[in-house]
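Visitor: Pasting in a structure now, in structure tokens, and then I'll have a few things to ask.
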Amino acid sequence: MNRTRFAPSPTGPLHLGHAFAALTAARLADPGQFLLRIEDIDQSRCRPEYETLIAEDLHWLGLDWLTPVMRQSERREAYQAALDHLAALDLIYPCKCRRADIRAALSAPQEGAEPQIGPDGPVYPGTCRHLQMRDAAPGDALRLNSARALDYLGLTEITFLDENIAPDVPHSLSPQDFITGVGDVVLSRRGMGTSYHLSVVVDDAAQKITLVTRGKDLLDSTYIHVIVQKLLQLETPRYHHHRLIRDDSGKRLAKRDDARALSLYRADGMSAEALRHSLGF
């Protein structure tokens, strides 16, 4: 059974890239097994009017979903339980670094080596790795001790299958490449109580998602999610990383770049059928 979800953040209107992602998830779902999840954990940026607009746009595209809709803002206890589990295993630590601290540490001369770039940007240099959870203060970020986590799991390779990108060959990464190329990722951001990497794993499991569909820009993040799933003793779903919708210059569409909103296409009189056809559906 394919049970899929579309998980937008209500921080702006949906654009063509969102439409493609939602239509892909719905197309690959079995009848009645398409879900909507609202990723609204960052309350400083989320707006109720955008959540309303999300529902209007998706209905206009011809999509329906199971209810009730899951909202991250209502699931803080679930994220805290996951963090408590990892803390009990001594696999997370508090991080007191600000972005400026990390930039300064990475810019220090290290035999001419350039900083490694991972799924979240420059790989964290491990400044706070010596700290224990008893050293945590309110507002600290919490990071996964990747080396300790991989040693705990005893993995020789981190693997997952993708049904769209090289479907016949497992995607694989060695523990050492993860440590150096991904590093100690944030599982709880300052003031939020979670991060994308933690919440997506916990929420997909809670919604019993069997096929995760999302853009191929998140392919490398899947290694992180597989590790967190194993640490939390959760099943690893199947994955389908799809192509990205780009503008005329080849740049990926993003809200911060004022990508053209679906609501504007609607206002201009474009039919949902025409828009779906333009996206290949």
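Visitor: All but one of (1) open to solvent by 40 Å² or more (accessible area, probe 1.4 Å); (2) in a loop (DSSP other than H, G, I, E, B); (3) touching a helix residue (DSSP H, G or I) at 6+ places or on another chain (Cβ under 8 Å) hold for Glu56; which doesn't?
Guide: Looking at each condition in turn, Glu56 falls short on (2).
Visitor: May I pose another question? What number goes with the only condition from (1) in a helix (DSSP H, G or I); (2) open to solvent by 70 Å² or more (accessible area, probe 1.4 Å) that Pro68 does not pass?
Guide: Here Pro68 clears every test but (1).
Visitor: Looking at region 210-222, is at least one residue β-branched (Val, Ile, Thr), without any contact (Cβ under 8 Å) to a residue 60 or more places away in the chain and surrounded by fewer than 17 Cβ atoms within 10 Å (Cβ to Cβ)? Spell out how you get there, then give the answer.
Guide: Taking region 210-222 as the starting set, the residues that turn out to be β-branched (Val, Ile, Thr) are 210, 212-213, 222.
Going one step further and asking which of them are without any contact (Cβ under 8 Å) to a residue 60 or more places away in the chain, we end up with none.
No.
Visitor: Something else: Do the conditions hold for Pro138, that is, is it touching a strand residue (DSSP E or B) at 6+ places or on another chain (Cβ under 7 Å), open to solvent by 40 Å² or more (accessible area, probe 1.4 Å), assigned to a loop (DSSP other than H, G, I, E, B) and free of Cβ contacts under 8 Å to residues at least 24 places away in the same chain? Break it down stepwise before answering.
Guide: On the way: touching a strand residue (DSSP E or B) at 6+ places or on another chain (Cβ under 7 Å): no; open to solvent by 40 Å² or more (accessible area, probe 1.4 Å): yes; assigned to a loop (DSSP other than H, G, I, E, B): yes; free of Cβ contacts under 8 Å to residues at least 24 places away in the same chain: yes.
No, not satisfied.
Visitor: Does Gln132 count as over 16 Å from Val202 (Cβ atoms), at pLDDT 95 or above, more than 22 Å from the chain's Cα centre (by Cα) and not acidic (Asp, Glu)? It would help to see each step written out before you state the result.
Guide: Details: over 16 Å from Val202 (Cβ atoms): yes; at pLDDT 95 or above: yes; more than 22 Å from the chain's Cα centre (by Cα): yes; not acidic (Asp, Glu): yes.
Yes, satisfied.
Visitor: Right, another one. Filter region 82-103 for residues that are within 12 Å of Gly193 (Cα to Cα) and loosely packed, with under 13 Cβ neighbours inside 10 Å and give the result.
Guide: Asp84
Visitor: Moving on. Give the residue, chosen from Gly62, Gly17, Gly12, that is of a type in the set (Gly, Ala, Ser), more than 18 Å from Gln207 (Cα to Cα) and open to solvent by less than 10 Å² (accessible area, probe 1.4 Å). I'd like the intermediate steps shown before the answer.
Guide: Working: Gly62 fails: open to solvent by less than 10 Å² (accessible area, probe 1.4 Å); Gly17 fails: open to solvent by less than 10 Å² (accessible area, probe 1.4 Å).
Of the residues listed, the single one that is of a type in the set (Gly, Ala, Ser), more than 18 Å from Gln207 (Cα to Cα) and open to solvent by less than 10 Å² (accessible area, probe 1.4 Å) is Gly12.
Visitor: Can you tell which of His59, His15 is free of Cβ contacts under 8 Å to residues at least 40 places away in the same chain and farther than 30 Å from Ala137 by Cβ?
Guide: On the way: His15 fails: free of Cβ contacts under 8 Å to residues at least 40 places away in the same chain.
Just one listed residue meets the conditions, His59.
Visitor: Pull up region 141-181, narrow it to residues that are among the β-branched types (Val, Ile, Thr) and in contact (Cβ under 8 Å) with a residue 24 or more places away in the chain, then point me to the one that is nearest to Arg214 (Cα to Cα). Talk me through it step by step, then tell me what you get.
Guide: Here is the first cut: in region 141-181, the residues among the β-branched types (Val, Ile, Thr) are 156, 158-159, 165, 169, 179-180.
Next, from what is left, pick out any that are in contact (Cβ under 8 Å) with a residue 24 or more places away in the chain: 158-159, 165, 179-180.
Working: Ile158: 20, Thr159: 18, Ile165: 12, Ile179: 24, Thr180: 25 Å.
Residue satisfying both the conditions and the ranking: Ile165.
Visitor: Given (1) over 20 Å from Ala261 (Cβ atoms); (2) in contact with a Leu (Cβ under 8 Å, 6 or more places away or on another chain); (3) touching a residue at least 12 places away in the same chain (Cβ under 8 Å); (4) not aromatic (Phe, Trp, Tyr), where does Arg76 come up short, assuming only one miss?
Guide: Unmet condition: (2).
Visitor: Moving to a separate point now. Quick test for you: out of Thr4, Thr24, pick the one residue that is surrounded by 14 or more Cβ atoms within 10 Å (Cβ to Cβ) and touching a helix residue (DSSP H, G or I) at 6+ places or on another chain (Cβ under 7 Å).
Guide: Numbers: Thr24 fails: touching a helix residue (DSSP H, G or I) at 6+ places or on another chain (Cβ under 7 Å).
Result of the check over Thr4, Thr24: Thr4.
Visitor: In the set Gly183, Gly121, which member is open to solvent by less than 40 Å² (accessible area, probe 1.4 Å) and either among the charged types (D, E, K, R) or modelled with pLDDT of 95 or more (or both)? It would help to see each step written out before you state the result.
Guide: Numbers: Gly121 fails: either among the charged types (D, E, K, R) or modelled with pLDDT of 95 or more (or both).
Gly183 is the lone residue from the list that is open to solvent by less than 40 Å² (accessible area, probe 1.4 Å) and either among the charged types (D, E, K, R) or modelled with pLDDT of 95 or more (or both).
The values are calculated or read from the model by the stated rules, or taken from the named source; none is laboratory data. Computed from a predicted model, the values in this text were never measured in an experiment. Cβ coordinates were reconstructed from backbone atoms using ideal geometry, including for glycine residues, and neighbour counts include every protein chain displayed. Side chains are part of the model used for accessible areas, which takes the heavy atoms of the whole protein and leaves out ligands, DNA and RNA. Shrake-Rupley method; radii C 1.70, N 1.55, O 1.52, S 1.80 Å.
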